[in-house]
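Just so it is clear, none of the values below were taken in a lab; they were calculated from the coordinates. Quick caveat: nothing in here was measured; it's all calculated off a predicted structure. All Cβ positions, glycine included, derive from the backbone under ideal geometry; neighbour counts span all protein chains shown.
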Amino acid sequence: MLINKNVFQDTDLTHKFSSGNTFGGRLGLNFGDEHSINFDISTVKFNQEFTSELITAPTTMSFSSTDFAFLYKRLLEGRYMEIGPLFSRINSPNIQEQNFGAILGFGRALIGNNRFSLNLGVRFRYIFTDILSTGVIPETGESAEQFHFQRTYESHESTTPLSANIVLDVEWAVGVFRTSSCYGKRKFVSF
């Protein structure tokens, strides 16, 4: 969902349920059985459709982005919670390229053991920065809001994307930090 005060107050323009997708990978470091720090990289396809009785042209805004997130994850009895900051690079003309946001997620392990798990959860992703702060489209001279929402508004209001994802992920522990019982208690990683 795109959050924009002008659009919410526009009685003719209504948000439609819209879907996109996300695909990514994670590299993490666990601290004991409950805590981990993860670095996520993902590609995101965001879509927002609107319905309008006055506009016959398509009223859809979509863009692709590459997200980089640094997340703290808490694991407890097969359930998890994750939270952390997000840096998003949107790959679309007339949209602010560099954006900052946050991720909050919850879920649980469907199957697994201490080295492998298949998890199902929900992840909320919110961009704090105004993605349409670029102002005027050079080719037409129109405001960015007019271009994306097929409307001209008296004042500029920030546009921030919010998404909720159903997440299915696979975790596999590739190494474990250990302490040797001899050789001066040296630390090492076993696979």
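For the pair segment 1-67 and segment 70-120, the centres of their Cα atoms are 14 angstrom apart.
Starting with the highest mean, order 31-42, 82-93 by the number of other Cβ atoms within 10 Å, averaged over the residues of each peptide. Spell out each step's value before the answer.
Values: 31-42: 14.0, 82-93: 16.1.
Ranking, from highest mean packing down: 82-93, 31-42.
Please give the charge dipole size of segment 1-134, origin at the Cα centre, charges +1 on K and R Cβ atoms and -1 on D and E Cβ atoms. Round to the nearest 20 debye.
440 debye
For segment 126-131, the Karplus equation 6.51 cos²θ - 1.76 cosθ + 1.60, evaluated at θ = phi - 60°, returns couplings of 10, 9, 7, 7, 6, 6 Hz by residue, with Gly and Pro reported as x.
Whole-Hz Karplus values for segment 46-54 come out as 9, 10, 9, 9, 10, 10, 8, 7, 9 Hz, taken residue by residue from phi with 6.51 cos²θ - 1.76 cosθ + 1.60 and θ = phi - 60°; glycine and proline positions read x. Just add up the charged neighbours of G107: K/R +1, D/E -1, any other residue whose Cβ is under 12 Å from the Cβ of G107. Once all neighbours under 12 Å are counted, the net charge is +2.
Quick one: plug the Kirkwood hydrodynamic radius of segment 43-115 (C-alpha pairs) into Stokes-Einstein at 37 °C, 0.692 mPa s, and report D in µm²/s. Working shown, then result.
Numbers: Rh = 15.3 Å.
Roughly 214 µm²/s, to the nearest whole number.
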